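I have placed the structure first, in the form of structure tokens, so that the comments after it can refer back to it.
The values are calculated or read from the model by the stated rules, or taken from the named source; none is laboratory data. Nothing here was measured: the structure is a model prediction, and the numbers come from that model. All Cβ positions, even for glycine, are placed from backbone atoms using ideal geometry, and neighbour counts span all protein chains on display. Ligands, DNA and RNA are stripped out before the accessible areas are found, and what is left, the full protein with its side chains, is counted by its heavy atoms. Shrake-Rupley method; radii C 1.70, N 1.55, O 1.52, S 1.80 Å.
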Amino acid sequence: MVDNSAGASDPIKVLIRTLVSMRRGAPMSVAAGRVPAAALRGIDTLARPPIHSVIGFGAFWAAPEFARKELLKRGERVVVDIPLLPKLLFTASPQDVKAVFGDRDGALKLGEALRKMAPHEIVFGTEMIDWWNGANHALLRKKVMPAFGGRALAGYEQAITDAVLNRLPEWPVDKPVQFTHLMQDLARDVIIAVVFGVTEPDRRRRLEKAFIDLDKTLASPGIVARYVIAMARGGKWPSFERLEKINARIDAITREEIEFRRDNPSDEERKDCLEIFLKLQETDEDNVLDDHMIALFQRMLLIAGYETTAVTLSWVAERVTRHPEVMAKLEQSIDAGDDTYLDAVITETMRLRPALPVTMRYAWEDFVMNDVLVPKGTVIMLYINAIQKRADIYPDPETFDPERFVGVRPDPNSWLPFGGGAHRCIGASFAMFESRVLLRTILRHRALKLTTAPDERQDQHRNIFLLPGDGGRVTMRKRPEAR
Ligand code: HEM
């Protein structure tokens, strides 16, 4: 990777830039920065894609691996300038990651980036985008955190284990299957049981149906068409009635469940997110966690925690079935009741095959990102999939080697599948715990057959997610000694 920021530290270049900026009347300081603006380089001095920007951005979607390699041939930062879209600054620099996640002044907004670049406004609603952008974000995050911490997680373990045990009988044995599909069912079951805590059969069936309808709609041409219109209109999303109706169905089920619990207090402690939110509501003096917000938040968790987990687990299966030595060690460690190696396998899979290739922030104000002045209105694309494959950080980066993470805490600036900073995935510990329990339970009952098939390509997009190219094809056999 060429370091195209090297020139920034060249004193002569800095002096020239300073003089040029002073002539242009540039400000001597900027909102987010402690560095004089004149000592900074503009994003116009950064590399452009080696191919036309429109093709480069198209390739990001159509041929992600090709795009990753091509886009970054010119350096670790590339500016992609496409008509109608904000300027996109892709960066694969851990220093930039640090600067972006370190923004404490609110100069960078996740919500606004999602509004401009992704369908979140029609999926989650304007209220949630405003929450992402606004002052209540940190407050609500802090309030709901107990649902995602250690004590709560332990309470979810049985429901997660049961989700696997319930599904196992229907999984084909000795026949190839697409693991991605199985993991989608499983991740959905976990969200219904652990986030929504819905058990009453009719309500559960309706929630599952709404969930499946939502999933189909999110991957439908209707979304793509609106995406194109919204991009052309600078992030103004046309409404999508079908989606609104499904969202309303899900929110109504949450409210129904809340009413049910208020009318039927249980002697047994309910162990799910909804129950924790309702308890937190009782002491919520700021009134940020009312029933309406709980319903919106639950729906956000549903979407945020479903495909991400399913994709990650299918990549784990794809990776371990191609590495006999990893598989052997994994099975041994699980049999011995030790999760250390399993955690390393999940961590390494998320490095090499992150579910989300990028996360982003919109510059609400001019922002100093190390030696660069990022102008207001730019979208910074933190290129997770490129940062995590840097050879200078991860030697032999394309090799799947869980040993990198055995007993090692990943560096947050170069291992960022959960993003970071003020918006770091709130469900990160939950997702790690869930993945651990699901995989451990699956592998105690089923062996995944090793394969000599070529690696599945990391080039299949579903929404923004990068799935295994063949859907994570695996063959399972029963473990006679299943415990
Ligand atoms: C392997 C699974 C998962 C991955 C890879 C993942 C990844 C991410 C990423 C990249 C972000 C954006 C963070 C940023 O830009 O700094 C995010 C945000 C978020 N995720 Fe996850 N996620 C996963 C599972 C979950 C689960 C299980 C839940 C909840 C049950 C969840 C809830 C959320 C929420 C609520 C946010 C928004 C946080 C905020 O803006 O404050 N995620 N996730």
Net lengthening on full extension, Asn166/Thr45 (0.36 nm per residue, minus Cα-Cα):
37.9 nm
Can you tell me how much longer the chain between Thr340 and Lys478 gets when fully stretched, taken as 0.36 nm per residue apart minus their C-alpha distance, in nm with one decimal?
47.3 nm
Write down the accessible area per residue of the chain in Å², having rolled a 1.4 Å probe over the full set of protein chains.
44
Protection-proxy order for peptides 252-264, 425-437, each taking the mean of Cβ atoms within 10 Å per residue, highest first
425-437, 252-264
Could you work out [θ]222 nm for the chain from helices alone, using -39500 (n - 2.57) per DSSP H run of at least four and dividing by all its residues? Round to the nearest 500 deg cm²/dmol.
-15500 deg cm²/dmol
What size of dipole, in debye to the nearest 20, comes out for the stretch 283-362 about its Cα centre when the only charges are +1 on Lys and Arg C-beta atoms and -1 on Asp and Glu C-beta atoms?
640
Any idea which of Val408, Ile192, Val164 is furthest toward the positive side of the dipole for the stretch 6-478, if Lys and Arg beta-carbons carry +1 and Asp and Glu beta-carbons -1?
Val408
Which of the lysines could a cross-linker bridge to Lys279, judged by Cα under 17 Å and excluding same-chain residues fewer than eight apart?
Lys142, Lys143, Lys271
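Considering every Cα-Cα pair within the stretch 96-201, what fraction, in whole percent, is farther apart than 23 Å?
54
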With r as the distance between the Cβ atoms of Asp105 and Asp470 and R0 = 30 Å, compute the FRET efficiency 1/(1 + (r/R0)^6) and round to 0.05.
0.10
What length, rounded to one decimal in nm, is gained on full extension from Ala138 through to Ala225, with 0.36 nm per residue of separation minus their alpha-carbon distance?
28.0 nm
Over the chain, what is the relative contact order in percent, taking alpha-carbon pairs closer than 8 angstrom and at least six residues apart?
24
Provide, as a two-decimal number, the C-alpha radius of gyration of the chain over 2.2 N^0.38 Å, N being how many residues it has.
1.01
With the charge dipole of the chain built from beta-carbon charges (+1 for Lys and Arg, -1 for Asp and Glu) about the Cα centre, the Cα from Met327, Ala304, Ser220 projecting farthest to the positive end belongs to Ser220
Using all Cα-Cα distances in the stretch 224-370, what percent lands in each 10 angstrom bin from 0 up to the longest?
8, 21, 24, 28, 17, 2
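Among DSSP beta bridges whose residues both lie in the chain, state the antiparallel percentage, nearest 5. Working shown, then result.
Values: 22 of 29 bridges.
Of those bridges, close to 75 percent are antiparallel.
How high is the FRET efficiency between Arg74 and His292 when r is their beta carbon distance and R₀ equals 51 Å, given to the nearest 0.05?
In this case the efficiency is close to 0.60.
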Student exercise, the chain dipole from Lys, Arg, Asp, Glu Cβ charges, in Debye to nearest 20:
1380
Using only the alpha-carbon atoms of the stretch 340-434 as identical scatterers, what base-10 log of I(q)/I(0) does the Debye formula give at q = 0.14, 0.18, 0.22 Å⁻¹?
-0.58, -0.87, -1.15
Anchor Lys98: aspartates and glutamates whose Cα lies under 19 Å away (excluding residues fewer than 8 positions away in-chain):
Asp3, Glu76, Glu365, Asp366, Asp371, Asp392, Asp411
